[in-house]
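Let me begin by presenting the structure, written as structure tokens, before commenting on it.
The values are calculated or read from the model by the stated rules, or taken from the named source; none is laboratory data. From a predicted model like this one, the values you see are computed outputs, not experimental measurements. Cβ: placed from backbone, ideal geometry, glycine included. Neighbour counts: every protein chain shown.
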Amino acid sequence: MAERCAVIGIGQTKHTAKRDDVSIPGLVREAAMRALDDAELTWRDIDAVVIGKAPDMFEGVMMPELLLADALGAVGKPMMRVHTAGSVGGSTAIVAAHLVQAGIHQRVLTVAFEKQSESDAMWALSPKYPFQPPLVAGAGGFFAPLIRAYIRRSGAPDDVGMRVAVKDRLNALKNPYAHLHMADISMDSVRASPMLWDPVRYLETCPSSDGACALVLASDEAAKRSPRAPAWVRGTAVRSEPTHFAGRNQVDPRAGRECAADVYKQAGITDPRKQLDAAEIYVPFSWFEPMWLENLGFAADGEGWKMTVEGATALDGDMPVNPSGGVLSTNPIGASGMIRFAEAALQVRGMAGEHQVPGAKLAMGHAYGGASQFFAMWVVGSERP
Amino acid sequence: MSEPVRRIKAPVRFEYTVQAGKTLSRFLAGLVEGRILGRRCPSCHKVYVPPRGACPTCALPPGDEVEVKDTGTVTTFCVVNVPFEGQTMKLPYVYAAVLLDGADIPMLHLVNAPADEARMGMRVRAEWAAPGQRKPTLESIQWFSPTGEPDAPFESYQEHL
Amino acid sequence: MPRDVAIASFASLVEPRFDGDEVEVLAPVIGEALRAARLERRDVGFTVSGSCDYLGGRPFSFVMALDAVGAWPPIRESHVEMDGAWALYEAWVALQHGDIDVALVYAFGRSTQGNLYEVLSAQLDPYTVAPLGIDARSMAALQARAMLDAKRCTERDMAAVAARSRGGDVEALLAAPYVASPLRAHDCGPAYDAVAAVVLVAGDRAKQCCDRPAWIRGIDHRIEPHALGTRDLARSPSVELAGERAGVRKAPVDVAEIDAPFSHQEILVRSALGLGPTTRVNPSGGSLAAWPYIVSGLLRLGEAARAIHTGKARRAVAHATSGPCLQQNLVCVMEASDG
């Protein structure tokens, strides 16, 4: 059966629009060194390295694990690179966790990143195949129709998205690593921002960030020697479903529900809203908060938006969602999933600083990708299982 | 002492010759003739437009060819205000999922209607390029335009959302 | 104590150019692999694939291929942007946990859509090397030169590998002109299109799925530094280490499938693995006869397993490589049940 696995080191770069003081290797090394320092380990202590990022065409480096082997101390070690679209940061952490849980390695370094300032993501996402003309630019154009469908189905009031946008940016002010620090964010400023893909406004959209996130995952034995409280992995799950098929529910994908059910079962969660102390979920466009609250079983169908409106998902609410500021405040695409997983771990280690949810013992990290078709989730806890 | 080099631009060019595959090629050839040819999965019996090399849920090769109408219903949409390279419509424009009559899955395309008139359930018809102008691409349908019929009831398309 | 995992089936399609798109070609091959293992889609506990966007020139190629898998109801699935051999490794790891018994691994890639040798230059350091525009064949030629200078092989040795893999007479091959000195055309694997699928089954269940399962007795992979100048190109420490960890030298090897798209690389890897003279190398033709990038390593694993499935080998080794001049390598040792 699976061995225990714990997060004993976490590192992030200060996410920002443009890090032109570091190259790609420099960026990932910065996060990795912070994670090693947190765990009070050196490169030599690491047995294997697993990296993840979004499509190679973003930065134009094909199979970047080859380039990054040196920067990440991987020479002479096993190294892998996971790619599962937007959920990649999460699935990368899961692949790394599996190496420990299978008893193969004692300490695994995992890093996810994106250097968007060195990439042309818009171009990379709109390839010009002659028989498939681009109809719309950007992920927002793809998701906006789904959001419209959710609003229609749930009867949610128009301002729910804006509330999420404000909440997450206010949380980000308490997170020194977050990209956006918008002290003057308000419902008015969000409402006044340009409408990009109706019904999604500019300030309801994630930024484009340079950033990296790293974790050191350890076996039970190695975690015993960890200088700071470990975050124990209580469950991991991934699920995928096809991009586009007849009758597909893209607003409330079954893959998301089943992924959550799997990870909750492993972690002994029957009532996520009651049992989880914090949730870091992948919300790149504001309305995804209420949508995912339903998909993840925090709220009944059509009721997710009520949790937002009630303030339940605020930092001081009964179910804080994205205390870090979330993807809406920081989005180096390849890293975002791992940042969710890392922030969940920070919470249960009691190391989230100003955005700490007091007494958090059990937290969830969630990531999704593609056409809301790839899901990766984990639950971490302060108690050793 | 000169400034350190912070960025370099290193343009790269790769050329690719791509194929549409047998299934899609047949569909695209149909467009040149002004026909929309879907395919039915032999197992789940759903009609896919555009057709796929395998049914996404059943993993089987597509079965019978099914010609669908060039009229349909907008299931959902968004209004695009973001410019991008290669766009054909002036901003703002409507990008929609259109469930063609006879198909079991909406296809994504443009709707030629003022942004404030776009609605879920709107009935539309394909506006084809002139016969001599059609090519084996989805651009043979320039966009969809409202037909003026009453909107389709929500129940008729809600399973496609 | 690692859980026993076997390759229960292998199916592939390798062609100079596919007629059809990835999904059309991949779906039947996956179906064939499952049928050969006497399994259905719903028996699969985990699916992992390997592919590379740069081969086809568009991002998210693995997403489009998912239509070939029939991922409904939703499946537990993952993907590496690496050769399918590493997807197989991930599947092997997942099977170690004990909660599932069956994993499906597949890889697909159409190396013929672009110019493969040129496209591979995108793997190089983007700041200092890629802008020089060095293609993969030229990189390999640097390594061949290093091997010749270190007297680890001769051009005749290289031609002999080519003759064995692709046919032809050694003297005639040596008379051909260089394409990138010291490489001749026959020393370089041609770009191909391919899809491959492998079914892994753990424990006793493997015996129900296959008459002669190819049991994985050891599997390991290692990476070397990226910059060519920091490596001794005439040796492969990563193959040596991975081979040692996988236990290659524990017993004689009947068949070795080596992922060497350039002839001198087969010699180098063979030596690094310590294979004896009685080992049959690349009876399938290897990556020198056909080089479908991102699938070639998984094909080597599949072909080695096939040698065991068909009773042609009791103990087989498979090797997969990634990166310029064998930068990263995976080695897998397989045995028949009583091997």
**Q.** Unique match (being of a type in the set (Gly, Ala, Ser) and more than 14 Å from chain A (Cβ to nearest Cβ)) among C:Ala320, C:Ala304
**A.** C:Ala304
Q: Residue by residue through the stretch A:101-132, note down the ones that are under 30 Å from A:Arg4 (Cβ atoms) and over 21 Å from the mean Cα position of the chain (by Cα).
A: A:Gln101, A:Ala102, A:Gly103, A:Ile104, A:His105, A:Gln106, A:Arg107
Q | Among the residues listed as B:Glu33, B:Glu15, the single one being among the charged types (D, E, K, R) and either away from chain C (no Cβ under 12 Å) or touching a residue at least 60 places away in the same chain (Cβ under 8 Å) (or both) | A | B:Glu33
Q: Please state which one of C:Gly285, C:Gly276 is surrounded by fewer than 24 Cβ atoms within 10 Å (Cβ to Cβ) and at positive phi.
A: C:Gly285
Q | Subset of the stretch B:75-113 that is outside any strand (DSSP E or B) and small (Gly, Ala, Ser) - its residue that is nearest to the other protein chains (Cβ to nearest Cβ) | A | B:Gly86
Q. Counting only residues that are within 12 Å of chain A (Cβ to nearest Cβ) and among the hydrophobic types (A, V, I, L, M, F, W, C), which one in the stretch C:209-238 is nearest to C:Arg306 (Cα to Cα)?
A. C:Ile219
Q.
Looking for something modelled with pLDDT of 95 or more, in contact with a strand residue (DSSP E or B) (Cβ under 8 Å, 6 or more places away or on another chain), farther than 30 Å from C:Ala336 by Cα and crowded, with 16+ Cβ neighbours inside 10 Å - is there at least one such residue anywhere in the stretch C:209-218?
A. no
Q) Looking at (1) part of a helix (DSSP H, G or I); (2) acidic (Asp, Glu); (3) within 22 Å of A:Gly326 (Cα to Cα), which is the one condition that is false for A:Glu258? A) (3)
Q: Give the number of residues within the stretch B:114-161 that are assigned to a loop (DSSP other than H, G, I, E, B), in contact with a strand residue (DSSP E or B) (Cβ under 8 Å, 6 or more places away or on another chain) and within 13 Å of chain A (Cβ to nearest Cβ).
A: 10
Q | Within the stretch A:69-86, considering residues that are more than 8 Å from chain C (Cβ to nearest Cβ) and at pLDDT 95 or above, the one surrounded by the fewest Cβ atoms within 10 Å (Cβ to Cβ) | A | A:Ala71
(Q) Need a quick list: helices (runs of 4 or more DSSP H) entirely within the stretch A:19-111 having at least 1 residues that are closer than 23 Å to C:Val331 by Cβ. (A) A:65-68, A:88-101
Q.
With the structure loaded, tell me whether C:Met64 is surrounded by fewer than 24 Cβ atoms within 10 Å (Cβ to Cβ), touching a residue at least 24 places away in the same chain (Cβ under 8 Å) and aliphatic (A, V, I, L, M) or whether it fails that test.
A. yes
Q: Among the residues of the stretch A:50-64, write down those that are without any contact (Cβ under 8 Å) to a residue 60 or more places away in the chain and more than 7 Å from chain C (Cβ to nearest Cβ).
A: A:Pro64
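Residue-by-condition table, conditions (1) under 28 Å from A:Met351 (Cα atoms); (2) basic (Lys, Arg); (3) facing chain B (nearest Cβ under 9 Å):
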| site | (1), (2), (3) |
| --- | --- |
| A:Val190 | no, no, no |
| A:Pro207 | yes, no, no |
| A:Val216 | yes, no, no |
| A:Ala223 | yes, no, no |
| A:Val233 | yes, no, no |
| A:Arg239 | no, yes, no |
| A:Arg248 | no, yes, yes |
| A:Val251 | no, no, yes |
| A:Gly256 | no, no, no |
Q. What are the residues in the stretch B:1-31 that are farther than 22 Å from A:Ala124 by Cα and either surrounded by 13 or more Cβ atoms within 10 Å (Cβ to Cβ) or at pLDDT 95 or above (or both), if any?
A. B:Gly21, B:Lys22, B:Thr23, B:Leu24, B:Ser25, B:Arg26, B:Phe27, B:Leu28, B:Ala29, B:Gly30, B:Leu31
**Q.** Filter result for B:Val68 (surrounded by fewer than 23 Cβ atoms within 10 Å (Cβ to Cβ), of a type in the set (A, V, I, L, M, F, W, C) and facing chain C (nearest Cβ under 10 Å))
**A.** no
Q: Determine whether the stretch A:26-48 contains at least one residue that is surrounded by fewer than 19 Cβ atoms within 10 Å (Cβ to Cβ), under 25 Å from C:Asp53 (Cα atoms) and modelled with pLDDT of 95 or more.
A: yes
Q) Before we move on, is B:Arg26 more than 7 Å from chain C (Cβ to nearest Cβ) and closer than 17 Å to C:Gly70 by Cα? A) no
Q. Here are some residues: A:Leu36, A:Leu27. Which one is aliphatic (A, V, I, L, M) and closer than 23 Å to B:Val5 by Cβ?
A. A:Leu27
Q: Go through the stretch B:42-83 and give me each residue that's of a type in the set (Lys, Arg) and farther than 15 Å from B:Gly30 by Cα.
A: B:Lys46
Q. What number goes with the only condition from (1) more than 21 Å from B:Arg40 (Cα to Cα); (2) of a type in the set (Lys, Arg); (3) touching a residue at least 12 places away in the same chain (Cβ under 8 Å) that B:Lys90 does not pass?
A. (3)
Q: Return the only residue of C:Leu55, C:Leu120, C:Leu95 being touching a strand residue (DSSP E or B) at 6+ places or on another chain (Cβ under 8 Å) and more than 21 Å from C:Arg217 (Cβ to Cβ).
A: C:Leu55
**Q.** Failed condition for A:Gln116, given (1) farther than 30 Å from B:Val79 by Cα; (2) more than 10 Å from every other protein chain (Cβ to nearest Cβ); (3) touching a residue at least 40 places away in the same chain (Cβ under 8 Å); (4) out of contact with any Leu (no Cβ under 7 Å at 6 or more places or on another chain)
**A.** (1)
Q: Examine the stretch A:352-369 for a residue that is among the acidic types (Asp, Glu), closer than 22 Å to A:Gly52 by Cβ and out of contact with any helix residue (DSSP H, G or I) (no Cβ under 7 Å at 6 or more places or on another chain), and state whether such a residue exists.
A: no
(Q) B:Ala59 - would you say it is crowded, with 19+ Cβ neighbours inside 10 Å and free of Cβ contacts under 8 Å to residues at least 12 places away in the same chain? (A) yes
